[in-house]
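Coordinate-derived values only; no laboratory data. No experiment lies behind these values; they were computed from the predicted model shown. Ideal geometry is used to build each Cβ from the backbone, glycine not excepted, and the neighbour counts take in all protein chains shown.
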Amino acid sequence: MPILTRPSIDWKNPDYDAIFTQRLVVLDRIRADKRPDLIVADMKAVYREYPAQMIIDWGVTVNPKNAGGTRPVIMPFILFDKQVELCDVIIEQWKAQKGLTIPKSREMGMTWVFMALSCTLCLLFDDVAIGTGSRKWELVDDLGNMDAILPKGRAFLKFMPPEFRGGWDERKHTKEGQIFIPQTRGLIDGEAGDDIGRGGRKSLYGVDEAAHLQRPLSIDASLGNNTNCIIEFSSVKGMDNPFARRCHDGTVRVFPLDWRDNPLFDQAWYDAYLARWGATQTAQELDRNFSASVDGVILPNLWLQACVDAHIKLNITPSGIKEGALDVADLGKDKNAYAGRHGVLLNYIDEWPGTDAGDPQATGARAMRIADQEGHSGLAYDADGMGGPALRGPFQRMNAERMAKGGRRLRIMPFQGSRSGEKVHMPDAFVRGDNGKPLDRKNKDYFHNYKAQSYIALRYRVYQTWRAVTTGCAFDPDEIISLDSKLQRLPQLLSELSQPVMLDSATGKLLVDKTPDGMKSPNLSDSVMMLYAPRNRGMAISEDLLDQM
């Protein structure tokens, strides 16, 4: 991220008057100079390198909902870190003439960012033509309605100082469906419905709420002839749409926007939204959960949210074993993933490209470095996949080398999720119910394989945690799971964990589908599943628990 100058701001209690005052001071200094045009030209040169800086220095947003409240309707547009990063990524994709797909939480200001950046590019560069569209015209251009897309751009330009406005005049250049910057010949066009992408050629094109388009395949074809840089952004709506598939198939760059990235929001805000709108809508609109309305989800999003910092909520000090688990990349665009725990606390999660899939030594060495860094005494790894079996030899050699140098031996635990029948964990033990009484089926007759058994064991932990956090009921502190809120990839992890679904095998046993509806493999989720897989004792899993979905 470029080093930008941003006013000091308390996001929860901002002093907007001070920011506006400072802007006026800077503007007065520019205008008092003998050659203000040269100063403006120098500033524009800087802004061409860092367009987000121009938005921060002079941009505004307009929110009519603030009328009568404590915040003003017109506010300085001070981009938070993720919005700055988003601007940089959009510009990267524009220059590379490649697309970008942005699954977003509600209330992230995505449309405002796109319009502010579009106006900025048109102000700074000559002959830029930008398209923008949504599923119906009222969402594209409804003069004066800040819910529509183009009015946001006009408001941004209206409050831009004349020195930076590019000759745009609200009275002369307000035309339905269009914004025109005369000095640079910059153009922003608006289109709706089936007409999206049919209007000429564009430098880039932004599609708002792309998952909700009525005929997306037709629009995809039109946009393919219109531009090489399609910026599509949307809240999620299941997997049955092209937007969702592009979020998972690896064909375009994906840039998620999660509510946790917004410094205005916290857990109390999330809980209030959940109480008002319910679990399914919250999972879809805020948590970007593509499986929100899918049947048979093993780890429901609502339960997982309760697991975030559960050790703090339940007043538990993490203790016990420190271990890691490595999900090994297969071929193609798959990634390696590593999860680490301290007892019930998941306190490490990361992934890296599977470019070293052909070099097990490199994969194993990196996993061992992480294990040493985190103080892990053991390391489980996927021994079933394409790259897993090849790791056994490298792990043995590296362990021998460590011990020869006086280092400690890392306990290596091959995880074979395909094991079935007598090879599942404690095959002849009866599946225990929530009340502690055994059911009438044994593990070997209940689970299709060890992977299914391990995912249901993880489900049991998540369920126990949710019950303890939300109802205050008694719980076994060794049978919960806590997800550290400081995990760098927490939003991605939560999304992946709620992706696998349970199915019945041909023989009536429980099996797991990790990639329903063509979703990509949930590598982070698999690493966590392996990390908490039952190894020493069975988990208490009941038919009632499985039937709650």
If the only charges are +1 at each Lys and Arg Cβ and -1 at each Asp and Glu Cβ, what is the size of the charge dipole of region 448-513 around the Cα centre, to the nearest 20 debye? 80
Charge-dipole axis of the chain as Lys and Arg at +1 and Asp and Glu at -1 on Cβ define it, positive-most pick from Ile321, Gln178, Ala474: Ile321
Summed residue charge, Cβ within 12 Å of Gln373's Cβ, Lys/Arg positive, Asp/Glu negative: 0
Would you please give the residues with an amide H less than 5 Å from that of Asn347, counting only those at least 5 places away or on a separate chain, with H modeled from the backbone geometry? Gly340, Arg341, His342
Output wanted: per-residue J couplings in Hz (rounded whole) for region 44-61, from phi through Karplus 6.51 cos²θ - 1.76 cosθ + 1.60, θ = phi - 60°, x for Gly and Pro. 5, 4, 5, 5, 5, 7, 9, x, 4, 5, 5, 5, 5, 6, 10, x, 9, 10
Of the beta bridges DSSP finds with both residues in region 81-261, what % are antiparallel, to the nearest 5? 20
Give the distance, in whole Å, between the Cα centre of region 467-519 and the Cα centre of region 361-415. 26
³J(HN,Hα), Karplus 6.51/-1.76/1.60, whole Hz, each residue of region 131-144, x for Gly, Pro: x, 8, x, 8, 6, 9, 5, 4, 8, 9, 8, 9, 3, x
Work out from phi, with θ = phi - 60° and the Karplus expression 6.51 cos²θ - 1.76 cosθ + 1.60, the ³J(HN,Hα) of each residue of region 96-104, listed in order in whole Hz, and give x for Gly and Pro. 7, 6, 10, x, 8, 10, 10, x, 10
With viscosity set to 1.567 mPa s at 4 °C, what whole-number translational diffusion coefficient in µm²/s follows for the chain from Stokes-Einstein and a Kirkwood radius over Cα pairs? 50
Under-5 Å amide H pairs with Ile130, H placed in peptide plane, nonlocal only: Leu187, Ile188, Asp189, Ser203
Taking every DSSP bridge whose two residues both lie in region 267-546, the antiparallel percent to the nearest 5 is 60
Find, among the GluC sites (Glu not before Pro) in region 112-205, those assigned to loop by DSSP (not H, G, I, E, B) with at most 14 other beta-carbon atoms within 10 angstrom. Glu170, Glu176
Taking a 27 Å limit on the Cα-Cα distance, which of the listed pairs Lys136/Lys202; Lys65/Lys158; Lys423/Lys514; Lys104/Lys152; Lys237/Lys509; Lys335/Lys509 fall beyond it? Lys237/Lys509; Lys335/Lys509
Here region 81-261 gives, from Cα atoms, an Rg and Dmax in Å of 15.3, 47
Around Gln281, what is the net charge, scoring Lys/Arg as +1 and Asp/Glu as -1 over all other residues with Cβ under 11 Å from its Cβ? 0
Using alpha carbon centers only, region 180-200 is separated from region 1-58 by a whole-angstrom value of 28
Test of the criteria: in region 1-104, which trypsin sites (Lys or Arg not before Pro) are in a DSSP loop and have at most 10 other Cβ atoms within 10 angstrom of their Cβ? Lys12, Lys34
With each pseudo-label sitting 7 Å past Cα toward Cβ, what's the Val89-Ile30 distance in nm, one decimal? 3.0
Under-5 Å amide H pairs with Arg441, H placed in peptide plane, nonlocal only: Val431
Just tell me which lysines come within less than 22 Å, Cα to Cα, of Lys322; anything on the same chain fewer than 8 places away is out. Lys313, Lys451, Lys486
Compute the label zone of Trp277 within region 218-246: residues whose backbone N is under 11 Å from the point 7 Å along Cα-to-Cβ. 235-236
Over all viewing directions the Cα convex hull of region 96-156 casts an average projected area in nm² of 5.1
Please compute, for the alpha-carbon atoms of region 267-546, the extent along each of the three principal axes and give them in descending order in Å. 58, 44, 38
In a shell of Cβ-Cβ distance under 9 Å around Ile349, excluding Ile349 itself, what net charge do Lys and Arg (+1) and Asp and Glu (-1) give? -2
When the helices in the chain are scored as -39500 (n - 2.57) per DSSP H run of 4 or longer and the sum is shared across all residues, what 222 nm value do you end up with, to the nearest 500 deg cm²/dmol? -11500 deg cm²/dmol
Added length on full extension, which subtracts the Cα-Cα distance from 0.36 nm per residue, Asp359 to Ile39: 109.7 nm
Report the FRET efficiency, 1/(1 + (r/R0)^6), for Arg409 and Arg489, where r is their Cβ-Cβ distance and R0 is 25 Å, rounded to 0.05. 0.30
